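Right, one structure below, let's go through it.
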Amino acid sequence: MTAVQTSAPNPLLNKLSGGDRRSIGQANQVAGLILRRPALFPQLIEGLSNSDPLIRMRAADAAEKVTLRRPDLLKPFKARLLHLLDEATQRELRWHLAQMVPRLALSTKDRVRATTALMRHLEDKSSIVKTSAMQAIADLASSHDELIPQLKQLLTTLTESGTPAMKARGRKLFAQLERHHS
């Protein structure tokens, strides 16, 4: 992934710096601030490409939390998010992108692109990335009945051969599919 340092100081992103990967820093406070002042959201999105991996990780965490309640804020950044989903190598960025991308209104072409990237994420070393990718693929397919057979086949494979977290998520996703498509 090509990281770009922001050219001007960004006070919002400064709140996300420092410490180490075991801490989310002030990501929750930043998410709360953006929910109160959505006009700041573009500054947070800048953080997804910051040269500091801690800022990227925490910006992704805060953006995911914000868009859980305000998915509409993602709309202007669809192309950027899809690009990052394709290119990101940092595991924390990957799993948060997997959570956010299904919240976008995607064309068929964009859905295929996102699903292709998420399929690659199933090969990640991180169990969290794999499990997030599984969930995202299911989320993308769930509203498209023509994709359900492929999704069931994929879930069967992952539930049989995946990590314990993937097996548990696979069982949960199967149960959801049965409820919604029976």
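Points to keep in mind about this one:
- Scanning region 100-125 for residues that are small (Gly, Ala, Ser) and surrounded by 16 or more Cβ atoms within 10 Å (Cβ to Cβ), we see that the one that is nearest to Leu81 (Cα to Cα) is Ala114.
- Unique match (being touching a helix residue (DSSP H, G or I) at 6+ places or on another chain (Cβ under 6 Å) and of a type in the set (D, E, K, R)) among Arg120, Arg111: Arg111
- Criterion: free of Cβ contacts under 8 Å to residues at least 24 places away in the same chain, within 20 Å of Arg56 (Cα to Cα) and within 18 Å of the chain's Cα centre (by Cα) - qualifying residue of His83, His96: His83
- Hey, Ala138 of a type in the set (A, V, I, L, M) and part of a helix (DSSP H, G or I) or not: yes
- Among the residues examined, Thr116 qualifies as over 12 Å from the mean Cα position of the chain (by Cα), farther than 27 Å from Asp20 by Cβ and β-branched (Val, Ile, Thr).
- Scanning region 156-176 for residues being within 18 Å of Ser126 (Cα to Cα), hydrophobic (A, V, I, L, M, F, W, C) and in contact (Cβ under 8 Å) with a residue 12 or more places away in the chain gives a total of 3.
- The single residue among Ala136, Ala168 that is small (Gly, Ala, Ser) and either surrounded by fewer than 17 Cβ atoms within 10 Å (Cβ to Cβ) or more than 19 Å from Arg113 (Cα to Cα) (or both) turns out to be Ala168.
- Only one of the numbered conditions (1) within 25 Å of Ala168 (Cβ to Cβ); (2) in contact (Cβ under 8 Å) with a residue 24 or more places away in the chain; (3) of a type outside the set (A, V, I, L, M) is violated by Arg58, and that is (1).
- Within region 46-98, the set of residues being crowded, with 16+ Cβ neighbours inside 10 Å and not in a helix (DSSP H, G or I) comprises Asn50, Asp52, Ala88, Gln90.
- Number of positions in region 153-165 that are buried (at least 17 other Cβ atoms within 10 Å of the Cβ) and part of a helix (DSSP H, G or I): 4
Where a number appears in this text, it was derived from the coordinates with a stated rule and is not lab data. Bear in mind the structure is a predicted one, so any value in this text is a computation, not a measurement. A quick note on method: Cβ atoms are made from the backbone with ideal geometry, for glycine too, and the neighbour counts reach across all protein chains shown.
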